[in-house]
Amino acid sequence: MSQLNPRLPNLIQVILALGLFLLMAFSFTAQLNLPIQLALYIGWFIIIALGIHLGHQYKELEQAALGGISNGLGAVLILLAVGALVGTWISGGIVPTIIYYGLKAIHPSVFLLATMVICSLTALATGTSWGAAGTAGIAMMGIGQGLGVPAPITAGAVLSGCYFGDKMSPLSDSVILASSMSNVEVVEHIKGMLPIAAISYVITGIMFTAFGFHYAGNVDMSQVQSVIHAMEKQFYITPYSFIPVVIVLGLLAMRMPSFPVISFGSLLGIIWAVMIQDVDFLVAFNTAWAPFEIDSGIAFIDSILNRGGMSSMLGSVAVIVFGLGFGGLLDKVGVLETIARLFERRINNSGSLATSTIGTAFMGNVFGSAMYVSLILTPKICAKNYDRLGYQRKNLSRNAEFGGTLTSGMVPWSDNGIYMASILGVATLSYAPFMWLSFVCIAVTIFTSYMGWFIDKVDSQKPQSVDDGMIQKEV
(Lines give C-alpha, C1' and ligand atoms only; values in the text may rest on other atoms or scores of the structure.)
Protein backbone atom coordinates (compact mmCIF):
# COMPACT_ATOMS: atom_id res chain seq x y z
CA MET A 1 0.00 0.00 0.00
CA SER A 2 1.56 3.34 -1.07
CA GLN A 3 1.84 6.14 1.45
CA LEU A 4 0.94 9.81 0.99
CA ASN A 5 4.38 10.94 2.16
CA PRO A 6 7.13 8.58 0.96
CA ARG A 7 10.08 8.47 3.33
CA LEU A 8 13.77 8.61 2.58
CA PRO A 9 15.70 5.32 2.65
CA ASN A 10 17.84 4.66 5.69
CA LEU A 11 21.55 3.93 5.41
CA ILE A 12 21.14 0.15 5.63
CA GLN A 13 18.63 0.16 2.77
CA VAL A 14 20.95 2.32 0.67
CA ILE A 15 23.94 0.08 1.33
CA LEU A 16 21.97 -3.05 0.45
CA ALA A 17 20.53 -1.59 -2.78
CA LEU A 18 23.71 0.02 -4.07
CA GLY A 19 25.90 -2.81 -2.84
CA LEU A 20 23.80 -5.30 -4.79
CA PHE A 21 24.07 -3.13 -7.90
CA LEU A 22 27.84 -2.77 -7.59
CA LEU A 23 28.21 -6.50 -6.99
CA MET A 24 26.31 -7.20 -10.19
CA ALA A 25 28.20 -4.54 -12.16
CA PHE A 26 31.64 -5.89 -11.22
CA SER A 27 30.74 -9.57 -11.43
CA PHE A 28 29.02 -9.19 -14.79
CA THR A 29 31.95 -7.36 -16.38
CA ALA A 30 34.95 -8.86 -14.57
CA GLN A 31 33.96 -12.49 -13.98
CA LEU A 32 30.87 -13.58 -15.88
CA ASN A 33 31.65 -11.81 -19.18
CA LEU A 34 28.13 -10.41 -19.27
CA PRO A 35 27.30 -6.93 -20.59
CA ILE A 36 26.94 -4.09 -18.12
CA GLN A 37 23.62 -3.26 -19.78
CA LEU A 38 22.05 -6.25 -18.03
CA ALA A 39 23.29 -5.09 -14.63
CA LEU A 40 21.80 -1.63 -15.21
CA TYR A 41 18.55 -3.19 -16.42
CA ILE A 42 18.25 -5.31 -13.27
CA GLY A 43 19.34 -2.30 -11.20
CA TRP A 44 16.15 -0.50 -12.26
CA PHE A 45 14.04 -3.12 -10.52
CA ILE A 46 16.18 -3.05 -7.39
CA ILE A 47 15.61 0.69 -6.97
CA ILE A 48 11.95 0.41 -8.02
CA ALA A 49 11.39 -2.25 -5.34
CA LEU A 50 13.08 -0.02 -2.76
CA GLY A 51 10.96 2.95 -3.86
CA ILE A 52 7.71 1.04 -3.56
CA HIS A 53 8.76 -0.18 -0.12
CA LEU A 54 9.35 3.45 0.88
CA GLY A 55 5.88 4.48 -0.21
CA HIS A 56 6.32 5.59 -3.82
CA GLN A 57 3.85 4.58 -6.49
CA TYR A 58 5.14 2.61 -9.46
CA LYS A 59 3.87 5.16 -11.98
CA GLU A 60 5.81 7.93 -10.22
CA LEU A 61 8.98 5.85 -10.33
CA GLU A 62 8.48 5.03 -13.98
CA GLN A 63 8.05 8.72 -14.78
CA ALA A 64 11.21 9.52 -12.81
CA ALA A 65 13.16 7.01 -14.89
CA LEU A 66 11.76 8.42 -18.13
CA GLY A 67 12.55 11.94 -16.95
CA GLY A 68 16.13 10.94 -16.27
CA ILE A 69 16.41 9.46 -19.76
CA SER A 70 15.03 12.61 -21.39
CA ASN A 71 17.74 14.70 -19.68
CA GLY A 72 20.43 12.91 -21.65
CA LEU A 73 18.90 12.12 -25.03
CA GLY A 74 21.03 14.84 -26.56
CA ALA A 75 24.08 12.76 -25.64
CA VAL A 76 22.58 9.76 -27.45
CA LEU A 77 22.12 11.76 -30.64
CA ILE A 78 25.69 13.04 -30.50
CA LEU A 79 26.98 9.52 -29.82
CA LEU A 80 25.31 8.17 -32.97
CA ALA A 81 26.48 11.16 -35.02
CA VAL A 82 30.08 10.71 -33.87
CA GLY A 83 29.88 7.02 -34.79
CA ALA A 84 28.87 8.00 -38.32
CA LEU A 85 31.61 10.64 -38.41
CA VAL A 86 34.34 8.19 -37.42
CA GLY A 87 33.29 5.62 -40.00
CA THR A 88 33.06 8.06 -42.90
CA TRP A 89 36.22 9.96 -41.95
CA ILE A 90 38.17 6.70 -42.03
CA SER A 91 36.74 5.65 -45.39
CA GLY A 92 37.31 9.19 -46.68
CA GLY A 93 40.98 9.03 -45.73
CA ILE A 94 40.66 11.94 -43.28
CA VAL A 95 41.75 10.10 -40.14
CA PRO A 96 44.52 8.20 -42.02
CA THR A 97 45.83 11.52 -43.38
CA ILE A 98 46.03 13.04 -39.90
CA ILE A 99 47.86 9.95 -38.63
CA TYR A 100 50.21 10.02 -41.62
CA TYR A 101 51.28 13.64 -41.16
CA GLY A 102 51.35 13.24 -37.39
CA LEU A 103 53.84 10.38 -37.63
CA LYS A 104 56.01 12.54 -39.85
CA ALA A 105 55.84 15.70 -37.76
CA ILE A 106 55.61 14.80 -34.06
CA HIS A 107 58.78 13.72 -32.29
CA PRO A 108 58.30 10.77 -29.91
CA SER A 109 59.78 12.64 -26.93
CA VAL A 110 57.04 15.28 -26.96
CA PHE A 111 54.23 13.12 -28.31
CA LEU A 112 52.27 12.77 -25.06
CA LEU A 113 52.52 16.49 -24.30
CA ALA A 114 51.51 17.32 -27.88
CA THR A 115 48.58 14.95 -27.58
CA MET A 116 47.28 16.67 -24.46
CA VAL A 117 47.74 20.16 -25.93
CA ILE A 118 46.13 19.33 -29.30
CA CYS A 119 43.13 17.63 -27.69
CA SER A 120 42.69 20.45 -25.15
CA LEU A 121 42.70 23.10 -27.89
CA THR A 122 40.20 21.07 -29.92
CA ALA A 123 37.86 20.67 -26.95
CA LEU A 124 38.29 24.33 -25.96
CA ALA A 125 37.35 25.51 -29.44
CA THR A 126 34.41 23.15 -29.86
CA GLY A 127 33.11 22.87 -26.31
CA THR A 128 32.80 19.10 -26.46
CA SER A 129 35.13 16.46 -25.04
CA TRP A 130 33.26 13.82 -27.03
CA GLY A 131 33.81 15.61 -30.32
CA ALA A 132 37.47 16.23 -29.50
CA ALA A 133 38.03 12.56 -28.61
CA GLY A 134 36.19 11.43 -31.75
CA THR A 135 38.36 13.56 -34.04
CA ALA A 136 41.75 14.61 -32.67
CA GLY A 137 41.69 11.82 -30.09
CA ILE A 138 41.37 9.01 -32.61
CA ALA A 139 44.14 10.49 -34.75
CA MET A 140 46.48 10.78 -31.76
CA MET A 141 45.73 7.17 -30.78
CA GLY A 142 46.85 6.09 -34.24
CA ILE A 143 50.01 8.19 -34.11
CA GLY A 144 50.81 6.85 -30.64
CA GLN A 145 50.49 3.25 -31.73
CA GLY A 146 52.69 3.99 -34.72
CA LEU A 147 55.34 5.40 -32.38
CA GLY A 148 55.10 2.42 -30.06
CA VAL A 149 53.53 4.27 -27.13
CA PRO A 150 51.15 1.99 -25.15
CA ALA A 151 47.54 2.76 -26.02
CA PRO A 152 46.33 3.28 -22.40
CA ILE A 153 48.97 5.99 -21.84
CA THR A 154 48.04 7.76 -25.07
CA ALA A 155 44.35 7.53 -24.13
CA GLY A 156 45.18 9.12 -20.77
CA ALA A 157 46.86 12.05 -22.53
CA VAL A 158 43.92 12.36 -24.93
CA LEU A 159 41.36 12.46 -22.13
CA SER A 160 43.45 14.81 -20.00
CA GLY A 161 43.42 17.28 -22.87
CA CYS A 162 39.79 16.73 -23.84
CA TYR A 163 38.41 17.22 -20.34
CA PHE A 164 40.59 20.27 -19.64
CA GLY A 165 39.49 22.03 -22.84
CA ASP A 166 35.88 21.06 -22.25
CA LYS A 167 35.93 22.53 -18.72
CA MET A 168 37.43 25.83 -19.87
CA SER A 169 35.04 26.32 -22.79
CA PRO A 170 31.90 28.48 -22.40
CA LEU A 171 30.41 26.36 -25.20
CA SER A 172 30.49 23.17 -23.14
CA ASP A 173 27.17 21.60 -22.14
CA SER A 174 28.60 20.39 -18.83
CA VAL A 175 29.90 23.87 -18.02
CA ILE A 176 26.48 25.36 -18.69
CA LEU A 177 24.72 22.63 -16.72
CA ALA A 178 27.01 22.79 -13.67
CA SER A 179 26.83 26.59 -13.48
CA SER A 180 23.07 26.71 -14.03
CA MET A 181 22.32 24.11 -11.38
CA SER A 182 24.43 26.10 -8.92
CA ASN A 183 22.84 29.44 -9.88
CA VAL A 184 26.16 30.83 -11.12
CA GLU A 185 26.95 32.77 -14.30
CA VAL A 186 28.94 30.74 -16.83
CA VAL A 187 31.81 33.26 -16.94
CA GLU A 188 32.06 33.31 -13.13
CA HIS A 189 32.01 29.52 -13.11
CA ILE A 190 34.94 29.34 -15.54
CA LYS A 191 36.86 32.04 -13.63
CA GLY A 192 36.37 30.01 -10.47
CA MET A 193 37.83 26.90 -12.11
CA LEU A 194 40.69 28.62 -13.95
CA PRO A 195 43.39 28.92 -11.23
CA ILE A 196 43.20 25.30 -10.11
CA ALA A 197 42.74 24.00 -13.66
CA ALA A 198 45.77 25.97 -14.90
CA ILE A 199 47.99 24.72 -12.07
CA SER A 200 46.84 21.15 -12.72
CA TYR A 201 47.40 21.51 -16.46
CA VAL A 202 51.00 22.62 -15.98
CA ILE A 203 51.72 19.80 -13.52
CA THR A 204 50.15 17.23 -15.84
CA GLY A 205 52.07 18.61 -18.81
CA ILE A 206 55.34 18.18 -16.93
CA MET A 207 54.37 14.60 -16.02
CA PHE A 208 53.55 13.65 -19.62
CA THR A 209 56.74 15.33 -20.88
CA ALA A 210 58.91 13.41 -18.42
CA PHE A 211 57.09 10.19 -19.25
CA GLY A 212 57.48 10.85 -22.97
CA PHE A 213 61.27 10.94 -22.75
CA HIS A 214 61.11 7.36 -21.47
CA TYR A 215 59.78 6.20 -24.84
CA ALA A 216 61.82 8.52 -27.05
CA GLY A 217 64.79 6.18 -27.17
CA ASN A 218 62.72 3.04 -27.61
CA VAL A 219 60.87 4.00 -30.79
CA ASP A 220 61.53 1.74 -33.73
CA MET A 221 61.63 4.23 -36.60
CA SER A 222 61.56 1.39 -39.12
CA GLN A 223 58.11 0.49 -37.78
CA VAL A 224 57.06 4.11 -38.16
CA GLN A 225 58.21 4.10 -41.76
CA SER A 226 56.36 0.85 -42.46
CA VAL A 227 53.16 2.39 -41.12
CA ILE A 228 53.66 5.49 -43.26
CA HIS A 229 54.22 3.35 -46.37
CA ALA A 230 51.15 1.26 -45.57
CA MET A 231 49.06 4.42 -45.25
CA GLU A 232 50.31 5.60 -48.61
CA LYS A 233 49.41 2.25 -50.14
CA GLN A 234 45.91 2.02 -48.66
CA PHE A 235 44.84 5.67 -49.02
CA TYR A 236 45.45 8.66 -51.22
CA ILE A 237 47.13 11.04 -48.78
CA THR A 238 46.56 14.71 -49.49
CA PRO A 239 46.43 17.92 -47.42
CA TYR A 240 42.93 18.47 -48.84
CA SER A 241 41.74 15.85 -46.37
CA PHE A 242 42.14 18.42 -43.59
CA ILE A 243 39.34 20.53 -45.07
CA PRO A 244 36.46 18.58 -43.39
CA VAL A 245 38.28 18.83 -40.06
CA VAL A 246 38.62 22.60 -40.36
CA ILE A 247 34.98 22.97 -41.42
CA VAL A 248 33.57 20.86 -38.56
CA LEU A 249 35.75 22.42 -35.86
CA GLY A 250 35.00 25.88 -37.24
CA LEU A 251 31.24 25.34 -37.17
CA LEU A 252 31.40 23.98 -33.63
CA ALA A 253 33.52 26.94 -32.55
CA MET A 254 30.87 29.25 -34.04
CA ARG A 255 28.42 27.79 -31.53
CA MET A 256 26.51 25.76 -34.08
CA PRO A 257 24.54 22.79 -32.61
CA SER A 258 26.73 19.70 -32.27
CA PHE A 259 24.36 17.08 -33.68
CA PRO A 260 23.76 18.63 -37.13
CA VAL A 261 27.37 19.81 -37.41
CA ILE A 262 28.83 16.37 -36.69
CA SER A 263 26.25 14.79 -39.01
CA PHE A 264 27.31 17.25 -41.73
CA GLY A 265 30.89 16.21 -41.06
CA SER A 266 29.98 12.59 -41.79
CA LEU A 267 28.45 13.72 -45.10
CA LEU A 268 31.76 15.40 -45.96
CA GLY A 269 33.48 12.12 -45.13
CA ILE A 270 31.29 10.29 -47.64
CA ILE A 271 32.05 12.91 -50.30
CA TRP A 272 35.79 12.63 -49.62
CA ALA A 273 35.59 8.82 -49.80
CA VAL A 274 33.92 8.93 -53.22
CA MET A 275 35.78 11.86 -54.74
CA ILE A 276 39.30 11.40 -53.33
CA GLN A 277 39.59 7.77 -52.19
CA ASP A 278 37.59 6.42 -55.16
CA VAL A 279 35.32 4.37 -52.90
CA ASP A 280 32.01 3.16 -54.29
CA PHE A 281 29.19 5.47 -53.15
CA LEU A 282 27.13 2.75 -51.48
CA VAL A 283 30.18 1.39 -49.68
CA ALA A 284 31.10 4.87 -48.48
CA PHE A 285 27.52 5.63 -47.46
CA ASN A 286 27.32 2.37 -45.50
CA THR A 287 30.33 3.35 -43.37
CA ALA A 288 28.05 5.86 -41.65
CA TRP A 289 26.30 2.82 -40.16
CA ALA A 290 28.74 -0.10 -40.22
CA PRO A 291 32.48 -0.10 -39.38
CA PHE A 292 34.89 0.52 -42.24
CA GLU A 293 36.74 -2.61 -43.32
CA ILE A 294 40.40 -2.65 -44.30
CA ASP A 295 43.03 -5.39 -44.54
CA SER A 296 46.45 -3.75 -44.73
CA GLY A 297 48.41 -6.67 -43.36
CA ILE A 298 49.59 -4.52 -40.43
CA ALA A 299 47.71 -5.31 -37.22
CA PHE A 300 48.06 -1.80 -35.81
CA ILE A 301 46.52 -0.13 -38.85
CA ASP A 302 43.69 -2.65 -39.06
CA SER A 303 42.86 -2.26 -35.35
CA ILE A 304 42.73 1.53 -35.48
CA LEU A 305 40.91 1.87 -38.81
CA ASN A 306 38.41 -1.04 -38.77
CA ARG A 307 35.93 0.88 -36.66
CA GLY A 308 33.23 3.52 -36.67
CA GLY A 309 29.63 3.63 -37.81
CA MET A 310 26.46 4.15 -35.81
CA SER A 311 26.00 0.43 -35.26
CA SER A 312 29.22 0.32 -33.22
CA MET A 313 27.62 2.77 -30.77
CA LEU A 314 24.38 0.90 -30.09
CA GLY A 315 25.77 -0.85 -27.02
CA SER A 316 26.83 2.54 -25.64
CA VAL A 317 23.38 3.94 -26.37
CA ALA A 318 21.79 1.17 -24.30
CA VAL A 319 24.15 1.92 -21.40
CA ILE A 320 23.31 5.62 -21.50
CA VAL A 321 19.55 5.00 -21.66
CA PHE A 322 19.57 2.52 -18.78
CA GLY A 323 22.07 4.63 -16.83
CA LEU A 324 20.07 7.84 -17.14
CA GLY A 325 16.91 6.04 -16.07
CA PHE A 326 18.76 4.51 -13.14
CA GLY A 327 19.92 7.96 -12.10
CA GLY A 328 16.39 9.31 -12.32
CA LEU A 329 15.21 6.55 -9.99
CA LEU A 330 18.02 7.26 -7.52
CA ASP A 331 17.03 10.91 -7.45
CA LYS A 332 13.35 10.12 -6.93
CA VAL A 333 13.94 7.59 -4.16
CA GLY A 334 16.50 9.85 -2.41
CA VAL A 335 19.43 7.45 -2.28
CA LEU A 336 22.22 10.00 -2.77
CA GLU A 337 20.50 12.47 -0.45
CA THR A 338 20.62 9.89 2.33
CA ILE A 339 24.36 9.43 1.80
CA ALA A 340 24.93 13.19 1.75
CA ARG A 341 23.01 13.67 5.00
CA LEU A 342 25.24 11.10 6.66
CA PHE A 343 28.31 13.29 6.09
CA GLU A 344 26.60 16.65 6.49
CA ARG A 345 27.40 17.12 10.17
CA ARG A 346 31.07 16.41 9.51
CA ILE A 347 31.32 19.24 6.98
CA ASN A 348 32.63 22.23 8.89
CA ASN A 349 35.24 23.89 6.65
CA SER A 350 36.06 24.54 3.00
CA GLY A 351 38.27 21.44 2.77
CA SER A 352 35.69 18.94 3.98
CA LEU A 353 33.09 20.76 1.88
CA ALA A 354 35.11 20.36 -1.32
CA THR A 355 35.92 16.72 -0.52
CA SER A 356 32.28 15.83 0.15
CA THR A 357 31.10 17.62 -3.01
CA ILE A 358 33.63 15.85 -5.22
CA GLY A 359 32.76 12.54 -3.57
CA THR A 360 29.04 13.11 -4.10
CA ALA A 361 29.64 13.97 -7.75
CA PHE A 362 31.73 10.83 -8.22
CA MET A 363 28.97 8.72 -6.65
CA GLY A 364 26.57 10.35 -9.11
CA ASN A 365 28.67 8.87 -11.91
CA VAL A 366 29.04 5.48 -10.24
CA PHE A 367 25.39 5.01 -9.35
CA GLY A 368 23.76 7.33 -11.89
CA SER A 369 25.92 6.04 -14.75
CA ALA A 370 25.95 9.42 -16.47
CA MET A 371 27.71 12.75 -16.13
CA TYR A 372 24.37 14.55 -16.55
CA VAL A 373 22.98 12.75 -13.52
CA SER A 374 26.00 13.77 -11.44
CA LEU A 375 25.91 17.43 -12.48
CA ILE A 376 22.17 17.70 -11.83
CA LEU A 377 22.05 15.91 -8.47
CA THR A 378 25.27 17.17 -6.84
CA PRO A 379 24.33 20.88 -6.60
CA LYS A 380 20.86 19.92 -5.35
CA ILE A 381 22.32 17.79 -2.59
CA CYS A 382 25.28 19.98 -1.57
CA ALA A 383 24.00 23.55 -2.00
CA LYS A 384 22.68 23.91 1.55
CA ASN A 385 26.11 23.19 3.02
CA TYR A 386 27.69 26.03 1.04
CA ASP A 387 24.92 28.39 2.17
CA ARG A 388 25.23 27.21 5.78
CA LEU A 389 28.99 27.82 5.87
CA GLY A 390 28.80 31.08 3.91
CA TYR A 391 30.68 30.13 0.74
CA GLN A 392 29.80 31.44 -2.71
CA ARG A 393 28.03 29.12 -5.09
CA LYS A 394 30.83 29.30 -7.65
CA ASN A 395 32.80 27.12 -5.24
CA LEU A 396 29.94 24.62 -5.47
CA SER A 397 29.80 24.72 -9.26
CA ARG A 398 33.57 24.30 -9.53
CA ASN A 399 33.73 21.33 -7.16
CA ALA A 400 30.68 19.69 -8.75
CA GLU A 401 32.25 20.14 -12.19
CA PHE A 402 35.60 18.68 -11.19
CA GLY A 403 34.05 15.78 -9.30
CA GLY A 404 31.36 15.04 -11.87
CA THR A 405 33.02 15.66 -15.23
CA LEU A 406 36.64 14.71 -14.58
CA THR A 407 35.69 11.34 -13.08
CA SER A 408 32.93 10.40 -15.53
CA GLY A 409 35.35 8.73 -17.93
CA MET A 410 36.72 6.51 -15.14
CA VAL A 411 33.49 4.58 -14.52
CA PRO A 412 33.23 1.64 -16.96
CA TRP A 413 29.42 1.74 -17.06
CA SER A 414 28.99 5.51 -17.26
CA ASP A 415 28.10 7.36 -20.47
CA ASN A 416 31.60 8.86 -20.74
CA GLY A 417 33.36 5.65 -19.76
CA ILE A 418 31.52 3.63 -22.40
CA TYR A 419 31.92 6.29 -25.07
CA MET A 420 35.62 6.93 -24.54
CA ALA A 421 36.45 3.23 -24.39
CA SER A 422 34.54 2.66 -27.63
CA ILE A 423 36.02 5.63 -29.48
CA LEU A 424 39.63 5.17 -28.35
CA GLY A 425 39.63 1.37 -28.45
CA VAL A 426 40.99 1.03 -24.88
CA ALA A 427 39.17 -0.48 -21.91
CA THR A 428 38.08 2.06 -19.31
CA LEU A 429 39.97 0.47 -16.43
CA SER A 430 43.11 0.35 -18.61
CA TYR A 431 43.25 4.05 -19.42
CA ALA A 432 41.76 5.36 -16.14
CA PRO A 433 45.09 5.25 -14.19
CA PHE A 434 46.61 7.55 -16.82
CA MET A 435 43.92 10.25 -16.67
CA TRP A 436 46.49 12.30 -14.80
CA LEU A 437 44.82 15.68 -15.22
CA SER A 438 41.72 14.41 -13.42
CA PHE A 439 43.69 13.05 -10.47
CA VAL A 440 45.94 16.11 -10.23
CA CYS A 441 43.05 18.55 -10.51
CA ILE A 442 41.03 16.81 -7.79
CA ALA A 443 44.09 16.58 -5.51
CA VAL A 444 44.92 20.27 -6.03
CA THR A 445 41.30 21.23 -5.39
CA ILE A 446 41.14 19.38 -2.09
CA PHE A 447 44.57 20.61 -0.96
CA THR A 448 43.93 24.27 -1.78
CA SER A 449 40.48 24.06 -0.18
CA TYR A 450 41.92 22.84 3.10
CA MET A 451 44.52 25.60 2.86
CA GLY A 452 41.80 28.17 2.24
CA TRP A 453 43.16 29.17 -1.18
CA PHE A 454 40.91 30.07 -4.13
CA ILE A 455 37.89 30.05 -1.81
CA ASP A 456 35.28 32.82 -2.00
CA LYS A 457 33.03 33.72 0.91
CA VAL A 458 29.66 35.41 0.45
CA ASP A 459 29.65 39.19 0.85
CA SER A 460 26.24 39.39 2.47
CA GLN A 461 23.81 37.29 4.45
CA LYS A 462 21.40 37.10 1.53
CA PRO A 463 20.61 33.40 1.04
CA GLN A 464 21.39 31.74 -2.24
CA SER A 465 19.07 29.25 -3.84
CA VAL A 466 19.35 26.71 -6.57
CA ASP A 467 17.07 27.67 -9.43
CA ASP A 468 16.25 24.43 -11.15
CA GLY A 469 14.49 26.38 -13.85
CA MET A 470 17.80 27.84 -15.00
CA ILE A 471 19.05 24.57 -16.40
CA GLN A 472 20.14 25.11 -19.98
CA LYS A 473 20.56 22.06 -22.13
CA GLU A 474 23.13 22.23 -24.86
CA VAL A 475 23.90 19.33 -27.15
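The values are calculated or read from the model by the stated rules, or taken from the named source; none is laboratory data. Predicted model, so just to flag it, every value in this text is computed and none were measured. We place every Cβ from the backbone using ideal geometry, glycine too, and count neighbours over all the protein chains shown. Just so you know, the surface numbers come from the protein's heavy atoms only, side chains and all, with ligands and any DNA or RNA stripped out. Shrake-Rupley method; radii C 1.70, N 1.55, O 1.52, S 1.80 Å.
In table form, for the structure just shown:
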quantity	calculated
Selection count where residues are aliphatic (A, V, I, L, M), touching a Phe, Trp or Tyr at 6+ places or on another chain (Cβ under 9 Å) and within 20 Å of Ala123 (Cβ to Cβ), scope the range 220-255	4
Residue in the range 105-115 that is open to solvent by less than 30 Å² (accessible area, probe 1.4 Å), within 30 Å of Ala210 (Cβ to Cβ) and of a type in the set (Phe, Trp, Tyr) present	yes
Only one of Ala273, Ala288 that is closer than 21 Å to Ala421 by Cα, in contact (Cβ under 8 Å) with a residue 24 or more places away in the chain and open to solvent by less than 20 Å² (accessible area, probe 1.4 Å)	Ala288
Single residue of Ser160, Ser179, Ser200, Ser174 found to be buried (at least 24 other Cβ atoms within 10 Å of the Cβ), at pLDDT below 85 and in contact with a Leu (Cβ under 9 Å, 6 or more places away or on another chain)	Ser174
Candidate set: the range 361-390, residues that are surrounded by fewer than 21 Cβ atoms within 10 Å (Cβ to Cβ) and of a type outside the set (A, V, I, L, M, F, W, C); chosen: the one nearest to Val76 (Cα to Cα)	Lys380
Close pairs (8 angstrom Cβ cut-off, 6 or more residues apart or separate chains): at positive phi in the range 308-334, aromatic (Phe, Trp, Tyr) and in a helix (DSSP H, G or I) anywhere	Gly308/Trp89
Test: residue in the range 280-290 that is of a type in the set (D, E, K, R) and within 22 Å of the chain's Cα centre (by Cα)	no
So Asn399, is it at pLDDT below 85 and either of a type outside the set (Gly, Ala, Ser) or farther than 29 Å from Gln63 by Cα (or both)	no
From the options Ala25, Ala65, Ala39, Ala49, residue that is open to solvent by 10 Å² or more (accessible area, probe 1.4 Å) and either part of a helix (DSSP H, G or I) or modelled with pLDDT under 90 (or both)	Ala49
Options Ile237, Ile247; residue that is β-branched (Val, Ile, Thr), closer than 19 Å to Val86 by Cβ and not in a helix (DSSP H, G or I)	Ile237
Matching residues in the range 409-427 - criterion: being touching a residue at least 60 places away in the same chain (Cβ under 8 Å), under 13 Å from Val158 (Cα atoms) and either open to solvent by 30 Å² or more (accessible area, probe 1.4 Å) or of a type in the set (Gly, Ala, Ser) (or both)	Gly409, Gly425
Qualifying residue in the range 81-97 (condition: under 22 Å from Ser266 (Cα atoms), of a type outside the set (D, E, K, R), buried (at least 24 other Cβ atoms within 10 Å of the Cβ) and touching an Asp or Glu at 6+ places or on another chain (Cβ under 8 Å))	no
Top-ranked residue in the range 6-15 [being over 18 Å from Gly368 (Cβ atoms) and open to solvent by 80 Å² or more (accessible area, probe 1.4 Å); ranked as modelled with the lowest pLDDT]	Arg7
Scope the range 95-118; condition outside any helix (DSSP H, G or I) and either without any contact (Cβ under 8 Å) to a residue 12 or more places away in the chain or of a type in the set (A, V, I, L, M) (or both); matching residues	Ile106
All positions within the range 321-348 that are assigned to a helix (DSSP H, G or I), modelled with pLDDT of 80 or more and either within 21 Å of Tyr450 (Cα to Cα) or open to solvent by 50 Å² or more (accessible area, probe 1.4 Å) (or both)	Phe322, Asp331, Lys332
Among (1) part of a helix (DSSP H, G or I); (2) open to solvent by 50 Å² or more (accessible area, probe 1.4 Å), the one test that Pro152 misses	(2)
Qualifying positions in the range 116-125 - closer than 14 Å to Tyr201 by Cβ and open to solvent by 20 Å² or more (accessible area, probe 1.4 Å)	Val117, Ile118, Leu121, Leu124
Some residue of the range 360-382 being in a helix (DSSP H, G or I), at pLDDT below 90 and either more than 16 Å from Leu330 (Cβ to Cβ) or of a type in the set (Asp, Glu) (or both)	no
Residue that is more than 9 Å from the chain's Cα centre (by Cα), in a helix (DSSP H, G or I), small (Gly, Ala, Ser) and surrounded by fewer than 24 Cβ atoms within 10 Å (Cβ to Cβ), where the choices are Ser430, Ser438	Ser430
